[in-house]
Number of protein chains: 2
Amino acid sequence: MNTKVTELKSRLAEVYDLNMIGALLNWDSSTYMPLDGAPARGRQMGLIARIGHEKMTDPAIGRLLDELHAYEESLPYDSDEASLIRVARREYERAIRVPAAFMAKLQEHIAETFDVWTRARPANDFKRVQGMLEKTVDLSRQLASYFPGYQHIIDPLISYSDYGMKAADIRAIFADLRNQLLPLIKTITSQDDMDDGFLHQPYSTEKQLAFGLDVIKLYGYDFNRGRQDLTHHPYTTKFSLSDVRITTRVKENDLCEALFGTLHESGHAIYEQGINLAYEGTPLASGASSGVHESQSRTWENLIGRSRGFWEFFYPKLKEMFPTQLSSISVDRYYRAINKVQRSLIRTDADEVTYNLHPIIRFDLELRMLEGTLEVRDLPQAWDERYANDIGITPPNDRDGVLQDVHWYSGIIGGAFQGYTLGNIMSAQFYAEAVKAHPEINEQIASGEFTTLSAWLKQAIYQHGAKFTADELLHRVTGQGLSIEPYVTYLKNKYSSIYKLG
Amino acid sequence: MNTKVTELKSRLAEVYDLNMIGALLNWDSSTYMPLDGAPARGRQMGLIARIGHEKMTDPAIGRLLDELHAYEESLPYDSDEASLIRVARREYERAIRVPAAFMAKLQEHIAETFDVWTRARPANDFKRVQGMLEKTVDLSRQLASYFPGYQHIIDPLISYSDYGMKAADIRAIFADLRNQLLPLIKTITSQDDMDDGFLHQPYSTEKQLAFGLDVIKLYGYDFNRGRQDLTHHPYTTKFSLSDVRITTRVKENDLCEALFGTLHESGHAIYEQGINLAYEGTPLASGASSGVHESQSRTWENLIGRSRGFWEFFYPKLKEMFPTQLSSISVDRYYRAINKVQRSLIRTDADEVTYNLHPIIRFDLELRMLEGTLEVRDLPQAWDERYANDIGITPPNDRDGVLQDVHWYSGIIGGAFQGYTLGNIMSAQFYAEAVKAHPEINEQIASGEFTTLSAWLKQAIYQHGAKFTADELLHRVTGQGLSIEPYVTYLKNKYSSIYKLG
């Protein structure tokens, strides 16, 4: 049986490496590629994707998976080999369901849409992409149709990023969360506006970047297996488990942009770096789901990086780096400023309390577009109405409204947004377990000590890679499924204290 | 017939793009890749090379080339389509001659040898690589054996880089050149040593790099289609005709290192950027040969960049950038210092006059190793003897002797070194033609004006890419084949003036 596993792994390693190579082509195109390199790069990325798809859908993989079925069943569910075969089967079956010609058409349409969006957004011209977005909805529905038997048409699309999650469950949980958030936001934003102007003085960008790197080194991000570069939009990418890179952007007049972006991406990267190295080259060498991934970026960015304890340790160092700007600012005032809650338009700039309304709005609009109850031409209006109703602010234009996020213009409709809020919810569930197991964690953070927490996260979550689904992981680690209770408790405690609520 | 050409081009474009992707994987590994990324990167480079080789040796390409034979013969020899088919056939036939299993074995051996060399060189330990080098000689001989009918066993190996050049011709020409150089060197080095110490003061590395970039911008290197990064060893690479990158290294105590390295690599890059863009994705989208390529790097580095006229224009700017270091140095003294001739050990640091002895020595040693008249165990001694005899200096150790160049430890024996000297010889032949056509060129250079020269080079050489062999190009451009006369005249004139010789 061993030789069949070996052959399967060898075939999967080729697919894995082609994906990694595609990621490098993409990374270079957003970091260092000269302007005119784009057309050839697009062609090369297409070629690698096509060869990868051909190799993943090779019938030989299907035969091997069939032949290995009995062997798989003889092994414990959570053994490495059973998990490898199980996850490979899931990916193989998903890959062969969709005709290559359809995938090519979809990719081409997406590339074209993205290109138009890059001009439509600055021009504040939704009409320019409306027709393309209508086609994206059609193609997204068609993609779902290759997976018959779904409860909701979005379910197969969600399963690409958050395998096992269903619209019915997500919708209910998001509604609960929204019901908790709306009154909290109302109470907080009825208070006088907090002055955080000192965060927007000029801060040397070099020093900002250096400070972020110092923090994530202490977090445990391994620079022998990663690095940071500048991009227009920050992200994390990997070219192997031993080469997991992050990117960031830095603004001279915003102390938070580079710092929290760096902490966020480092969370994604520390997760990938923590995966069992024995999984290198297999489909297990990735995070469990988009939601679980986001739970870790949010843990290191928010639960830790925006906590009072963290700044007890780091604020003196920050002040030392920027004495002119911060000498008169107390740690308490700084802490409250970086956690300022406000009704705002842009998802990526939102504070922890209002943040989740942004993905929830997008998820609800996706459901309606896919169900056919919302036409793309009515999308801007629907968007603005929800912002007025939920966040209490109406976008003055589409640029900062329906055109703000790249997702719908660089991918399908459905599957891209739920992970952000699922991640926030899970972050608090996992973190509560970590503190239950090691009550000293919060105290350690206040001394710049993260090894207990990161060792626990590695053991509980990171090492397993994609072995378990998000739901399986939640049950293994917390003893129950998705629950908003720890997250809502966390938000209420933290912000009651900051805003001195009842 | 058109559809067959289209199919051929489409197949060749895949091979081309896979080569370009391999080049990006390599570029990243020498610029930005974190330390531990190496093992996966090696695996990925191997995968891309294997897929590229599979696609290049696909029998469908052979069938298309057969079917296109009559069509090719109906076209003018120098038409784009006939040239495409001709060059593709040459590459296809070369690729199918060598069994894939042998190529894989060779690549693996080379990778291993390189790895050992990176440690053996600093340790000054030739013995550590001796056994591997012996195997490299065997494998190089075996590689040649797949091309029976050669005059000399090195000929098929040379043809990978300098197609059409034969050992018999090269040997004769190199002997002639050596006979001209030895007395010239003797005369010059019998003079008192020239003091060039001011070149070795501390010079800000940032400013050094900025100055180099300013020069190559004026040369015409297009930064929308290229960029410069730092590496341990400088080189030029491309990921398409619109993404041709150079690398450099910079030393604080050496004003020449980064500058002339940059000018050199820019010459390679300007050549690639000047290839007809219609050739993108085909085997015509590359330089004509290693020698022709080197002729252009040497043109922009030496014939121009180390000329008196060039520094009439640029020296005041350099002085402005480094007033402390250069205020007391006249342009004449500077010009003579950057052209100082001396007996030295390291090929890449050698001046124009002694330089060619280094490749000629290596070429002669390659011939003897491949012929079987020199054993690898006797190579260090043979090396040292030739250095003592030709250059008048004996290497104090193997690190700066037989271990100095990466070529034998990262490739086959044979084919890597002749191109350097062929390039120097051709550079003067081409340049003489340019000046004959446009006598104003030398005057223009003294005003920082390079467009007449670069337009001529583009029209005469660059645009054609790999359409013509080096010999064809020489005949088209100069009306004759390889000739050392213009090069020797150039050296004698320039250095007679610098050293005030009879």
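FYI, it's all coordinate maths here, none of it is from the lab. Please read all numbers here as calculations on a predicted model, not as lab measurements. Note that each Cβ is placed from the backbone with ideal geometry, even for glycine, and that neighbours are counted across all protein chains shown.
Step through the residues of the stretch A:16-25 one at a time and calculate ³J(HN,Hα) from phi using the Karplus curve (6.51 cos²θ - 1.76 cosθ + 1.60, θ = phi - 60°), rounding each to whole Hz and writing x for Gly and Pro.
Working through the residues one at a time gives 4, 5, 5, 4, 5, 5, x, 5, 5, 4 Hz.
Which of the listed residues, B:I412, B:H438, B:G423, is farthest toward the dipole's positive end in the stretch B:167-498, when Lys, Arg count +1 and Asp, Glu count -1 at the beta-carbon?
Ranked along the dipole, the leading option is B:H438.
Would you be so kind as to identify which of B:I498, B:L482, B:T452 lies farthest towards the positive end of the dipole of the stretch B:411-502, taking Lys and Arg as +1 and Asp and Glu as -1 on Cβ and the Cα centre as origin?
B:I498
Just to be sure I understand: of the beta bridges DSSP finds with both ends in the protein assembly as shown, what percent are antiparallel, rounded to 5?
Of those bridges, close to 60 percent are antiparallel.
Quick one: compute a quarter of the convex hull surface over the Cα atoms of the stretch A:2-148 and quote it in nm².
Across all orientations, the stretch A:2-148 yields a mean hull projection of 11.2 nm².
Starting from the Cα gyration tensor of the stretch B:296-424, multiply each eigenvalue by 5, take the square root, and state the resulting semi-axes largest first in whole Å.
35, 16, 12
On average, how much area does the Cα convex hull of the stretch A:231-319 cover when viewed from any direction, in nm²?
6.7 nm²
May I ask you to derive the relative contact order of the stretch A:2-148, considering only C-alpha pairs under 8 Å and at least 6 residues apart, and to give it as an integer percent?
Normalised by residue count, the contact order of the stretch A:2-148 is 20 percent.
As I understand it, the value is the acute angle between the Cα axis of helix B:485-498 and the longest principal axis of the Cα atoms of chain B; what does it come to in degrees, rounded to 10?
With rounding to tens, the tilt is 20 degrees.
On a full-extension model of 0.36 nm per residue, what is the gain between A:F313 and A:R178, subtracting their alpha-carbon distance, rounded to one decimal in nm?
Roughly 45.2 nm would be gained on extension.
From the phi of every residue in the stretch A:434-439, what ³J(HN,Hα) in whole Hz does the Karplus formula 6.51 cos²θ - 1.76 cosθ + 1.60 yield, where θ is phi - 60° and glycine or proline is x?
Per residue, the Karplus-derived 3J(HN,Hα) values read 4, 6, 4, 6, 9, x Hz.
For the stretch B:306-315, take each phi angle, set θ = phi - 60°, evaluate the Karplus expression 6.51 cos²θ - 1.76 cosθ + 1.60, and give the result in whole Hz per residue in order, putting x for glycine and proline.
Going residue by residue, I get 10, 8, 5, x, 3, 7, 4, 7, 8, 4 Hz, with x marking Gly and Pro.
Out of A:L365, A:H293, A:F314, whose Cα points farthest toward the positive end of the dipole of the stretch A:255-387 (charges: +1 Lys, Arg; -1 Asp, Glu; placed on Cβ)?
So the residue furthest toward the plus end is A:F314.
Once you have the Cα-Cα distance between B:V5 and B:D192, take 0.36 nm times their residue separation minus that, and quote the gain in nm to one decimal.
61.0 nm is the gain from fully extending B:V5 to B:D192.
Among DSSP beta bridges whose residues both lie in chain B, state the antiparallel percentage, nearest 5.
That works out to approximately 60 percent antiparallel.
Taking amide H positions as placed 1.01 Å from N in the peptide plane, with prolines and chain starts having none, which residues 5 or more places from A:D162, or on another chain, fall under 5 Å of its amide H?
So A:D162 has HN proximity to A:S290.
Could you give the length gained on full extension between A:S79 and A:Y160, defined as 0.36 nm per residue of separation minus the Cα-Cα distance, in nm?
Length gained, A:S79 through A:Y160: 26.8 nm.
Evaluate E = 1/(1 + (r/R0)^6) for A:A168 and A:V406, where r is the Cβ-Cβ distance and R0 equals 35 Å; express this FRET efficiency to the nearest 0.05.
Plugging the Cβ-Cβ distance into 1/(1 + (r/R0)^6) gives 0.80.
Mind listing which trypsin sites (Lys or Arg not before Pro) in the stretch A:405-502 are in a DSSP loop and have 11 or fewer other Cβ atoms within 10 Å?
A:K500
I'd like the distance separating the alpha-carbon centroids of the stretch A:319-372 and the stretch A:91-148, in whole Å.
Centre-to-centre (Cα) distance: 30 Å.
Starting from the coordinates of the alpha-carbon atoms of the protein assembly as shown, obtain the Kirkwood hydrodynamic radius over all distinct pairs and give the value in Å to one decimal.
32.1 Å
Amide H to amide H, which residues 5 or more places from B:L230 or on other chains are under 5 Å from it, using H placed in the peptide plane?
The list, which skips near neighbours in sequence, is B:T248.
Dipole magnitude of the stretch B:348-453 about its Cα centre, charges +1 at Lys/Arg Cβ and -1 at Asp/Glu Cβ only, in debye to the nearest 20?
220 debye
Inverting the mean 1/r over all pairs of different Cα atoms, compute the Kirkwood radius of the stretch B:38-112 and quote it in Å.
For the stretch B:38-112, the Kirkwood estimate is 14.1 Å.
About its Cα centre, how strong a charge dipole does the protein assembly as shown have in debye, to the nearest 20, once Lys and Arg get +1 and Asp and Glu get -1 at the Cβ?
Once rounded to the nearest 20, the dipole reads 260 debye.
Which residues among the stretch A:395-434 fall inside the zone where the amide N is under 14 Å from a point 7 Å beyond the Cα of A:E371, along Cα→Cβ?
No residue passes the distance filter.
Using a simple charge model, +1 on the beta-carbon of Lys and Arg, -1 on the beta-carbon of Asp and Glu, nothing else, what dipole does the stretch B:2-150 show about its Cα centre, in debye to the nearest 20?
Roughly 600 debye for the stretch B:2-150.
Find, to one decimal place in angstroms, the Kirkwood hydrodynamic radius of the stretch B:73-118, where the mean of 1/r is taken over every pair of different Cα atoms and then inverted.
13.2 Å
What translational diffusion coefficient, in µm²/s and rounded to a whole number, does the Stokes-Einstein relation yield for the stretch A:115-158 at 37 °C and a viscosity of 0.692 mPa s, taking the hydrodynamic radius as the Kirkwood radius over Cα pairs?
276 µm²/s
Give, in whole angstrom and from largest to smallest, the semi-axes √(5λ) of the equivalent ellipsoid of the stretch B:355-485, with λ running over the eigenvalues of the Cα gyration tensor.
Sorted largest first and rounded, they come to 37, 18, 13 Å.
If the viscosity is 1.567 mPa s and the temperature 4 °C, what translational diffusion coefficient in µm²/s does Stokes-Einstein give for chain A when Rh comes from Kirkwood over Cα pairs?
Rounded, D is 54 µm²/s.
What net charge do the residues around B:L453 carry, taking every other residue with its C-beta under 13 Å from that of B:L453, with Lys and Arg at +1 and Asp and Glu at -1?
It works out to a net charge of -2.
Can you give the helix-only mean residue ellipticity at 222 nm for chain B, where every DSSP H stretch with n ≥ 4 adds -39500 (n - 2.57) and the sum goes over all residues, rounded to the nearest 500 deg cm²/dmol?
-19500 deg cm²/dmol
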